[in-house]
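Written below as C-alpha cells is the structure these notes are about.
The values are calculated or read from the model by the stated rules, or taken from the named source; none is laboratory data. Note that the structure is predicted; figures quoted are calculated from it, not measured. As a convention, Cβ positions derive from the backbone with ideal geometry for all residues, glycine included, and neighbour counts pool all protein chains shown.
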Amino acid sequence: MGLFNMRYDRPGPGVAKDAPRKTGISRWFEIVGRDLWDFTKANLLTVLCFAPTLIVAILAGVWLLLDPNLLILILGLVLGSSFGVLAGPGLCAMLSLMLKSLRDEPKFFWHTYKKAFRDNFRQGAVAGVVLCFVFLLQIFGFILYFRHTTSSFVLALLFLDVLLISMMVLFYFPQLVLLDLPTKAIFTNSLRLSLGLLPRSLPAAIIQIGLLGAQILFLPLTVPIFVIIGLWIPVFTGLFIIYKPLNDIFHIEEQFNIRREAEMKAYSESSQDTTSSDE
C-alpha cells in the first residue's frame, strides 16, 4: 500500500516553498505518483458508468461480424447511446478530479467526484449520449468495413473521422466542467481549439486512440487493465498535453485563485462577525 500512500504535498527537506512546478514528463509522473489511488478509484467508477454502453457495443459488434443486420445496427446505436446519460456525467466527474490535480488544488475524492457528477449531470448526460452514439458509430463502421470492403480510401476516412472527433472531445468535456457556457459555444470552441492548437491536440488524440484502440483490439484479455487503469491513463495524458494552452486561454488557475481568495475573505469576515456577536 506504500505506492498508494505517497504524499508529494507533504513538506520535506530539499524542496523550496515557492519552487516552480516541474514540467513535461516529470510533472506527469509527479501528479500520477501523488494521485494514483484517486485516479484508480475514478477509473473504476467511470468504467461502471460506461459499462452498459460497452456491453451493448460488444454484443452488437459480435452480431454484426457474424451477420450484418440493419436492425441490429440501429438497435445497437439507439440502446447503446441511451446509456450515455450515465457515461457523460461519469467522464465529467473524472475530469473534474484530474483538473484539480493539474492545478494542485486540495480535494477529497468522494466529495469531488459526487459533486462534479451531480453539477454536470444535465449537460454531461446530453454530451454522453452524443459521445456514445458517435463511439458506437465508429466501432460499427470499422466492423462493417472489414466485413465488406478493403478500400484504403474508406479506411483512411474512418481514421480521419475518429481523429477529428477525438481532438474535439479533448476540449469539449473540460470546458463543460470548468465553464458556464451553452452547448453551442462549447462545441464551436472545441472545433476551433482542436484545429488551432494542432501541435497539442493531434499527439494527444493519437495517444488516446492508440491506448484505447489497443485495449479494444485485444479484448477480452484487456478487460482487467481497462477496469483498473485503462481509462484514466489515456484521459489524463490527453488532458495533461492540452492543459497549458487551455489554462492560458481560459485563465483556469487565475479564476480559481480569485474565487478561493474571495471564499477565504468571506469566511474570515463571517468568523469575525460571529466572534463580535459572542462578545
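Summary table below
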read-out: Members of region 188-200 that are in a helix (DSSP H, G or I) and crowded, with 17+ Cβ neighbours inside 10 Å; value: Asn189, Ser190, Leu193, Ser194, Arg200
read-out: Some residue of region 68-88 being at pLDDT 90 or above, crowded, with 16+ Cβ neighbours inside 10 Å and within 30 Å of Asn257 (Cβ to Cβ); value: yes
read-out: Residue within region 149-161 that is buried (at least 19 other Cβ atoms within 10 Å of the Cβ) and either assigned to a helix (DSSP H, G or I) or touching an Asp or Glu at 6+ places or on another chain (Cβ under 7 Å) (or both) present; value: no
read-out: Thr40 vs. criteria at pLDDT 95 or above, surrounded by fewer than 19 Cβ atoms within 10 Å (Cβ to Cβ) and in a helix (DSSP H, G or I); value: yes
read-out: Conditions (1) part of a helix (DSSP H, G or I); (2) modelled with pLDDT under 95; (3) farther than 25 Å from Leu65 by Cα; number of the one not met by Leu181; value: (1)
read-out: Restricting region 99-113 to residues that are part of a helix (DSSP H, G or I), out of contact with any Asp or Glu (no Cβ under 6 Å at 6 or more places or on another chain) and in contact (Cβ under 8 Å) with a residue 24 or more places away in the chain, the residue that is farthest from Pro182 (Cα to Cα); value: Leu102
read-out: Set Ser81, Ser96: member being in contact with a Phe, Trp or Tyr (Cβ under 7 Å, 6 or more places away or on another chain), in a helix (DSSP H, G or I) and of a type in the set (Ser, Thr, Tyr); value: Ser81
read-out: Residue, surrounded by the most Cβ atoms within 10 Å (Cβ to Cβ), within region 201-249, restricted to residues that are part of a loop (DSSP other than H, G, I, E, B) and either touching a Cys at 6+ places or on another chain (Cβ under 9 Å) or not hydrophobic (A, V, I, L, M, F, W, C) (or both); value: Thr222
read-out: Whichever residue in region 155-178 is out of contact with any Gly (no Cβ under 9 Å at 6 or more places or on another chain) and at pLDDT below 90 and, among such residues, is nearest to Lys244 (Cα to Cα); value: Phe159
read-out: Test: residue in region 167-175 that is over 16 Å from the mean Cα position of the chain (by Cα) and of a type in the set (A, V, I, L, M); value: no
read-out: Residue within region 114-137 that is of a type in the set (Lys, Arg), outside any loop (DSSP other than H, G, I, E, B), surrounded by 15 or more Cβ atoms within 10 Å (Cβ to Cβ) and under 16 Å from the mean Cα position of the chain (by Cα) present; value: no
